[in-house]
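Readers should treat all values here as calculations from the given coordinates under stated rules, not as data from a laboratory. Bear in mind the structure is a predicted one, so any value in this text is a computation, not a measurement. Ideal geometry is used to build each Cβ from the backbone, glycine not excepted, and the neighbour counts take in all protein chains shown.
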Amino acid sequence: MNVENNESHDTEDHALNEELVAYLDGELNGDSVSRVEDELSKNAECRLRLMQLQQAWDLMDELPRVSSDESFTKSTVELVVVSAESEANATVVRRKTWRNVIWVIGLLGATAAAWGGFLLVSQFNNRDNQELLRDLPLVQEIDIYDPIESMEFLKQLEASGVFDEELDDAI
């Protein structure tokens, strides 16, 4: 709870400092100027902070002015260009990397889908093949069963006990 209060206080101080700096620089519009001046009239801490900032500005005005020659400007611009090129190259590399990652993920997903489809289809085909293998002895002897005209005839044969003798002999 105390940490949150400190962070909130720091954020408020930072916002106040920014607004006071903008006030000193003359960057605020009329409404903002009125609000800052109203706060200054009510808040001694705010007036103190404004005085500290004004003193810092005054001290900076007393510092000697440094002039830069053309080579300084040129080297600074070159550094900025090199930095911008480096950032652009890094961005291109990042994009290519992400593009490659997306392709790899897509390829892996397509491969997984293909394998899943293959396994699913092979399972259904395997069922049909199992049924054909189970019926293979019947299909191999189709010439023997072809003269039989109906299932009724086979049922009558079974009921008559003709096949019982063959079964007893086989056992």
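A few notes on this one:
- Of (i) 0.95; (ii) 1.16; (iii) 1.66, the label for Rg/Rh (Cα atoms, Kirkwood Rh) derived from the coordinates: (iii)
- Taking other Cβ atoms within 10 Å as a rough exposure proxy, L138, L53 sort from fewest to most as L138, L53.
- Spacing of the modelled spin labels on R95 and D58, each 7 Å from Cα toward Cβ, amounts to 5.3 nm.
- Expected 222 nm ellipticity per residue - DSSP helices of 4 or more, -39500 (n - 2.57), all of the chain, to 500: -30500 deg cm²/dmol
- Scanning the chain for GluC sites (Glu not before Pro) lying in DSSP loops with no more than 15 further Cβ atoms inside 10 Å, the longest uninterrupted stretch between such sites is 28-140.
- E27 paired with F124, simple spin-label distance in nm, labels 7 Å along Cα-to-beta-carbon: 6.9
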